[in-house]
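A.B. asks: The structure's right below; bear with me while I get my questions together.
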């Protein structure tokens, strides 16, 4: 996984953390949706790895931003050859 790639992911705080705590930290996450028990974010691989490393949250990577945008436009996500 490329360190600079941006992912759309669900971030679920661990037992020692909360959504409020994650939102209050200077993590640089682009929050797309806020739910009582999780956040949907756009974040780089490095940001997500740091959340996991610090055990602040469990991360479920859904797709890259490019894949998400291509799907939203109704086109294949792979770049032309």
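No value in this document is a laboratory result; all are computed from the given coordinates. Keep in mind that what you see is a predicted model, and the values were worked out from it rather than measured. No Cβ is skipped: glycine too gets one built from the backbone with ideal geometry, and neighbour counts run over all protein chains shown.
A.B. asks: I need 17, 63 ordered by Cβ neighbour count within 10 Å, fewest first.
C.D. replies: 63, 17
A.B. asks: Same structure again: In a Gaussian network model over the chain where Cα atoms closer than 10 Å are linked, find which of 57, 70, 43 has the largest mean-square fluctuation.
C.D. replies: Looking only at 57, 70, 43, the largest GNM fluctuation is found for 70.
A.B. asks: Also, quick follow-up: What value, in deg cm²/dmol to 500, does the helix sum -39500 (n - 2.57) over DSSP H runs of n ≥ 4 give at 222 nm once divided by the residues of the chain?
C.D. replies: On the way: 3 runs with 24 residues, N = 81.
After summing the helix terms and dividing by residue count, I get -8000 deg cm²/dmol.
A.B. asks: Top mean-square fluctuation among 27, 56, 39, Gaussian network model of the chain, C-alpha springs under 10 Å?
C.D. replies: 27
A.B. asks: Can you match Cα Rg over 2.2 N^0.38 Å to one of these, (i) 1.27; (ii) 1.15; (iii) 1.55, based on a calculation from the structure here?
C.D. replies: (ii)
A.B. asks: Please rank 18, 38, fewest neighbouring Cβ atoms within 10 Å first, as an exposure proxy.
C.D. replies: Neighbour counts put them in this order, fewest first: 18, 38.
A.B. asks: Top mean-square fluctuation among 34, 61, 53, Gaussian network model of the chain, C-alpha springs under 10 Å?
C.D. replies: 53
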